[in-house]
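To keep things clear, I will list the structure first and then write my remarks on it.
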Amino acid sequence: MSAVTVSVPAKVNLQLAVGAVRPDGFHELVSVFHAVSLFDEVTVAPADELTITLEGEGVGEVPLDRSNLAARAVELLADRLGQDPAVHIHIRKGIPVAGGMAGGSADAAATLLACDTLWRGNTPREMLRRLGAELGSDVPFSDLGGTAIGTGRGERLAAVPSVGRFHWVFALADGGLSTPAVYGECDRLRAEAGVPVPEPAPREELIAALRAGDAPALGAALSNDLQDAAISLRPSLADTLAAGTAAGALGALVSGSGPTCAFLAADEDAAKLVARALEESGTCRTTRIAHGPVAGTKIRPVAPPA
Ligand code: C5P
């Protein structure tokens with residue numbers, strides 16, 4: 001086999017309930033992950049040594065050395081399978097970099113599947129997800145896709161049934177936010193307020209809205225415990241959220257640890273109106289329209305020789 005390409009979607013957290021800090025430094029979470037139609041594409045091919053190239057969204061902001069999560073995925077699986085990790089990884093990025101949409105985790109999930117296919121490892125998907133969890137809390141969901149509740153540090157997954165297609169607008173910001181910094185700010189704000197840290201739990205209204213395919217109810221039930229922390233570090237995000245809400249979004253929230261903001265729209269036409277209003281408001285760098293849920297990692301079929 002000469003090369004394998006895998007596509008992988010971005011995620012938005014429809015709910016991100018953040019609990020107490022655990023002894024390992026991670027926070028106990030309940031996360032309702034939802035995969036949306038912004039994709040990265042990862043191609044791996046045998047090479048003399050492990051190298052990475054990149055095109056698309058955020059080129060220049062992504063490390064091309066061994067600190068890249070995709071490179072770490074190659075090394076982890078190679079070690080497991082007794083393979084030489086000498087591959088070239090090419091990443092076509094459509095997911096915002098450091099945007100709270102699991103772009104790095106998506107690349108790690110895609111790389112694990114691509115290398116396993118290239119090396120004919122036949123590793124069970126469940127095992128690939130378990131390996132993925134060693135690389136990052138969001139990696140198993142990037143592989144699974146759809147809509148799912150994540151517990152623990154977000155890596156233990158249970159699929160959530162949903163009906164129909166939800167329409168989203170994403171407002172992309174200039175520059176990223178550091179995930180550890182946003183969690184740290186969340187802890188700081190909570191300590192300052194002196195309120196007890198709540199036990200994270202899924203919102204019943206949210207799960208019911210997904211099951212019913214009820215977009216207005218879903219919009220009303222969106223929530224993110226990291227939102228105040230992201231806004232505290234990047235106050236302009238409040239203006240972005242207000243602009244999308246004023247344009248008729250059914251719901252608005254910061255995606256994960258931000259700074260990308262997510263807006264739920266009633267349908268595709270409404271999404272276009274929200275996107276245009278956000279761009280005209282000058283409160284974001286650009287927008288993307290997407291829909292969810294979509295499947296997780298997918299091996300792209302090789303075109304037959306001409
Ligand atoms: O697992 P991942 O590499 O995505 O996590 C990045 C950082 O986000 C962690 O180092 C930690 O600071 C924070 N985090 C956390 N609790 C979680 C998930 C992530 O504190 N459940």
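So how tilted is helix 179-193 from the main axis of the chain? Cα-based, degrees 0 to 90, rounded to 10. Result, in degrees: 30. If R0 is taken as 22 Å, the Cβ-Cβ distance between ASP267 and ALA217 corresponds to a FRET efficiency of 0.90.
Helix 237-246 and the longest principal axis of the Cα set of the chain meet at an angle near 70°. Between 0 and 90 degrees, the angle of helix 69-81 with respect to the longest Cα principal axis of the chain falls at about 50 degrees. Given 10 °C and 1.306 mPa s, compute D for the stretch 1-160 with the Stokes-Einstein relation, Rh being the Kirkwood radius over Cα pairs; round to the nearest whole µm²/s. The calculation lands on 101 µm²/s. Rounded, prolate or oblate: which fits the stretch 227-306 when a ≥ b ≥ c are the square roots of the eigenvalues of the alpha-carbon gyration tensor, with rounded for a/c under 1.5 and prolate only if a/b beats b/c? Here the stretch 227-306 falls in the prolate category.
Are there any trypsin sites (Lys or Arg not before Pro) in the stretch 110-166 that are in a DSSP loop and have at most 15 other Cβ atoms within 10 Å? List them by number.
Filter output for the stretch 110-166: ARG120, ARG165.
For the stretch 4-160, relative contact order (Cα pairs under 8 Å, six or more residues apart, normalised by length) works out to 30 percent.
Cβ-to-Cβ counts within 10 Å put TRP168, TRP119 in ascending order as TRP119, TRP168, the fewest first. Using the Cα gyration tensor of the stretch 166-292, with a ≥ b ≥ c the square roots of its eigenvalues, what is the shape: rounded (a/c below 1.5), prolate (a/b larger than b/c) or oblate (neither)? In terms of gyration-tensor shape, oblate.
Explain nothing, just the number: relative contact order of the chain, from Cα pairs under 8 Å at least 6 residues apart, as a whole percent.
Computed over the chain, the figure is 25 percent.
Would you mind ranking PHE263, PHE26 so that the residue whose beta carbon has the fewest other beta carbons within 10 Å leads the list? Lowest count first: PHE26, PHE263. As a proxy for reagent exposure, ILE91, ILE299 were ordered by neighbouring Cβ count within 10 angstrom, fewest first; the result is ILE299, ILE91.
With contacts taken as Cα pairs under 8 Å at a separation of at least 6 residues, the stretch 166-292 carries a relative contact order of 41 percent. Tell me the trypsin sites (Lys or Arg not before Pro) within the stretch 197-306 that lie in a loop according to DSSP and have at most 16 other beta-carbon atoms within 10 Å. Sparse-neighbourhood loop trypsin sites (Lys or Arg not before Pro): ARG203, ARG285.
Residues of the stretch 145-159 with backbone nitrogen within less than 17 Å of a virtual label 7 Å along the Cα-to-Cβ line of ALA20, please, listed as ranges. From the stretch 145-159, the list is 152-153.
Subtracting the Cα-Cα distance of GLU61 and ASP79 from their residue separation scaled by 0.36 nm leaves 3.7 nm. When the chain is treated as a GNM with alpha-carbon contacts under 10 Å, the residue of GLY60, GLY219, GLY154 showing the greatest mean-square fluctuation is GLY60.
Expressed as a whole percent, the proportion of Cα-Cα pairs in the chain lying more than 37 Å apart is 13%.
Computed from the coordinates by the stated procedures, all read-outs in this text should not be read as laboratory data. Keep in mind that what you see is a predicted model, and the values were worked out from it rather than measured. Neighbour counts run over all protein chains shown; Cβ positions are idealised from the backbone, glycine included.
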